[in-house]
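J.: I am attaching a structure below and will ask some questions about it afterwards.
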Amino acid sequence: MTLAILYSYRRCPYAIRARMALKLAKIDVEIREISLRDKPTHLLQVSPKATVPVLVLTDGKVLEQSLDIMYWALREHGQIGHNSEGAQALIAQNDQFFKRALDAYKYPERQPDLTQQQHRAQGEIFLQKLESLLHENPYLYGATLGFADIAIFPFVRQFAAIDADWFATAPYAKLQLWLQALAESALFISVMQKQPAYI
């Protein structure tokens with residue numbers, strides 16, 4: 001049986017959300033874990049941008065963006081929950097504003113115009129919004145896991161890990177529970193299994 005090929009990097013938040021969507025949709029793929037220093041020739045051929053994730057379907061179609069992979073996986077299998085305009089806007093805010101704040105907080109030497117704490121404070125604007133959304137439900141848009149949860153979780157996880165002691169005492173009780181539940185879920189654990197580098 002020929003499987004679709006997913007070029008991935010284990011710790012990349014974009015790749016994580018793509019793998020989670022594929023797993024949730026019960027789509028088997030051949031995962032090719034790349035080495036950032038020695039990217040496979042086939043990856044460069046099918047996707048010259050050379051960033052992951054990249055999904056090569058069995059018909060040869062190539063999906064080069066993580067959200068496109070998520071939409072394809074969950075739409076094809078009827079599991080695209082809570083994908084409202086509000087959810088899409090929240091994901092856009094995550095991918096643009098919050099991702100920039102995350103990178104600056106993680107690598108403050110690259111953005112020396114602000115201190116690391118100031119970069120963190122910028123990211124907290126988004127965390128506060130998530131905390132508010134989680135006030136009445138365990139997930140961002142209801143009682144069950146939805147599209148936005150999967151799309152945003154890997155980035156919040158990365159943000160929280162930069163200074164885990166700070167995050168544990170930060171005023172985001174609902175967000176902390178949400179993050180813990182997803183990080184300890186069978187879904188997330190299953191997609192974080194180590195894979196040998198594909199050459």
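The values are calculated or read from the model by the stated rules, or taken from the named source; none is laboratory data. Given the structure is predicted, the values throughout are model-derived calculations rather than measurements. Methodologically, a virtual Cβ is constructed for each residue, glycine included, from the backbone with ideal geometry; neighbour enumeration extends over all protein chains shown.
J.: If you check Ala87 against the conditions, is it at pLDDT 95 or above, among the aliphatic types (A, V, I, L, M) and touching a helix residue (DSSP H, G or I) at 6+ places or on another chain (Cβ under 6 Å)?
T.: In short, no.
J.: Restricting attention to the range 126-169, which residues are without any contact (Cβ under 8 Å) to a residue 12 or more places away in the chain and of a type in the set (A, V, I, L, M)?
T.: Ala143, Ala161, Ala164, Ala168
J.: Are any residues in the range 33-42 surrounded by 14 or more Cβ atoms within 10 Å (Cβ to Cβ), over 19 Å from Met70 (Cα atoms) and either at pLDDT below 90 or not β-branched (Val, Ile, Thr) (or both), and if so, which ones?
T.: Selection gives Lys39, Pro40, His42.
J.: Of these, Ala73, Ala121, which one is modelled with pLDDT of 95 or more and hydrophobic (A, V, I, L, M, F, W, C)?
T.: Ala121
J.: Kindly state which helices (runs of 4 or more DSSP H) lie completely within the range 63-130 and contain at least 2 residues that are of a type in the set (Gly, Ala, Ser) and within 30 Å of Asp165 (Cβ to Cβ).
T.: Qualifying helices (runs of 4 or more DSSP H): 99-106.
J.: Check Ile150, Ile69 and return the single one that is closer than 18 Å to Arg17 by Cα, of a type in the set (Val, Ile, Thr), touching a helix residue (DSSP H, G or I) at 6+ places or on another chain (Cβ under 8 Å) and not assigned by TED's automatic domain parsing to the domain that holds Arg10.
T.: Sole residue among the options that is closer than 18 Å to Arg17 by Cα, of a type in the set (Val, Ile, Thr), touching a helix residue (DSSP H, G or I) at 6+ places or on another chain (Cβ under 8 Å) and not assigned by TED's automatic domain parsing to the domain that holds Arg10: Ile150.
J.: When you scan the range 157-177, how many residues do you find that are buried (at least 18 other Cβ atoms within 10 Å of the Cβ), assigned to a helix (DSSP H, G or I) and over 18 Å from the mean Cα position of the chain (by Cα)?
T.: Qualifying residue count, the range 157-177: 1.
J.: Here is a follow-up. Farther than 30 Å from Leu57 by Cα, surrounded by fewer than 13 Cβ atoms within 10 Å (Cβ to Cβ), β-branched (Val, Ile, Thr) and out of contact with any Phe, Trp or Tyr (no Cβ under 8 Å at 6 or more places or on another chain), is that true of Thr144?
T.: It is false that Thr144 is farther than 30 Å from Leu57 by Cα, surrounded by fewer than 13 Cβ atoms within 10 Å (Cβ to Cβ), β-branched (Val, Ile, Thr) and out of contact with any Phe, Trp or Tyr (no Cβ under 8 Å at 6 or more places or on another chain).
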